[in-house]
Amino acid sequence: MPLATTLGLAVSLSMDAFAAAIGKGAAARSIPVRAQAAEAVRVGAVLGGFELVMPLLGWALGIAFAEAVAAVDHWVAFVLLGLVGGRMAWHGLRPGTGPAPDRRSSLAALAVAGIATSIDATAVGVSLAFVRIDIWTASLTIGAVTFVMCLLGFGLGRGAGARLGRLAEILGGCGLVLVGARILVEHLGGA
């Protein structure tokens, strides 16, 4: 997978975590300024860690079933990415469904947010098992990009509040649909 596609995938997958970090930043305005930087790093590390691990889990599941679906793997990748991306965009477009700020700063609350924002990365990991990709590079890229996006989201949340979260979800969903379409077009064009 070309670097530009891997980065596009990483940015798209990071959008749920970015939206959550915006909410976390908006809620963190009440904590002391010195603690806000540490909280931003903690949010980024936890959410980025889940985004790094979940594609690996999905990839392992996909590899286990790769032989059974080898003839239609590009369609599986296209459909999974399309469904996940479509759901993200649809969720962002629905009124009143933006990310709610999580005022709790416990590690357990961040872990729950990490799982919730990275479920789509598991489905993407399954689809990555069907294309020739270095899963470790992809997962590390996804985790690192998510970490950076969470730092940015936290900072934006402190200044602009949670309004940006819905737009991030919409753009991230559209990005996943485009990555799925690219996989399909590349596979069909090379066949």
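The values are calculated or read from the model by the stated rules, or taken from the named source; none is laboratory data. Keep in mind it's a predicted model, so treat the numbers as computed, not measured. Don't worry about glycine lacking a Cβ; one is built from the backbone with ideal geometry, like all the others, and counts go over all protein chains shown. In case anyone asks, the SASA skips ligands and DNA or RNA and just uses the protein heavy atoms, side chains included. Shrake-Rupley method; radii C 1.70, N 1.55, O 1.52, S 1.80 Å.
Against the condition out of contact with any Gly (no Cβ under 9 Å at 6 or more places or on another chain) and either over 16 Å from L156 (Cα atoms) or free of Cβ contacts under 8 Å to residues at least 24 places away in the same chain (or both), how does A60 come out, does it pass?
Working: out of contact with any Gly (no Cβ under 9 Å at 6 or more places or on another chain): no; either over 16 Å from L156 (Cα atoms) or free of Cβ contacts under 8 Å to residues at least 24 places away in the same chain (or both): yes.
No, not satisfied.
When the residues of segment 139-186 are filtered to those that are among the basic types (K, R) and over 26 Å from L80 (Cα atoms), which remaining residue is modelled with the lowest pLDDT?
First pass over segment 139-186, keeping only residues among the basic types (K, R): 158, 163, 166, 182.
If we keep only those that are over 26 Å from L80 (Cα atoms) as well, we get 158, 163.
Details: R158: 78, R163: 58.
Filtering first and then ranking leaves R163.
Against the conditions (1) at pLDDT 80 or above; (2) over 14 Å from S12 (Cβ atoms); (3) assigned to a helix (DSSP H, G or I); (4) open to solvent by less than 30 Å² (accessible area, probe 1.4 Å), where does W136 fall short? Just the number, please.
All conditions are met except number (4).
Among the residues of segment 117-149, what is the count of those that are within 15 Å of I22 (Cα to Cα) and under 11 Å from the mean Cα position of the chain (by Cα)? Before you say what the answer is, go through the steps one by one.
The first filter runs over segment 117-149 and keeps only residues within 15 Å of I22 (Cα to Cα), leaving 117, 146-149.
Cutting the leftovers down to under 11 Å from the mean Cα position of the chain (by Cα) gives us 117, 146-147, 149.
The qualifying residues number 4.
Go through segment 24-38 and give me each residue that's open to solvent by 20 Å² or more (accessible area, probe 1.4 Å) and either modelled with pLDDT of 90 or more or part of a helix (DSSP H, G or I) (or both).
Going through segment 24-38, the residues open to solvent by 20 Å² or more (accessible area, probe 1.4 Å) turn out to be 29-35, 37-38.
Within segment 24-38, R29, S30, V33, R34, A35, A37, A38 meet the criteria.
Considering only segment 54-71, state which residues are out of contact with any Leu (no Cβ under 6 Å at 6 or more places or on another chain), in a helix (DSSP H, G or I) and open to solvent by 70 Å² or more (accessible area, probe 1.4 Å). Break it down into steps so the answer makes sense when it comes.
Let us first name the residues in segment 54-71 that are out of contact with any Leu (no Cβ under 6 Å at 6 or more places or on another chain), namely 54-58, 60-71.
Next, only the ones that are in a helix (DSSP H, G or I) stay: 54-58, 60-64, 67-71.
Correct list: L57, L61, I63, A64, E67, A68, A71.
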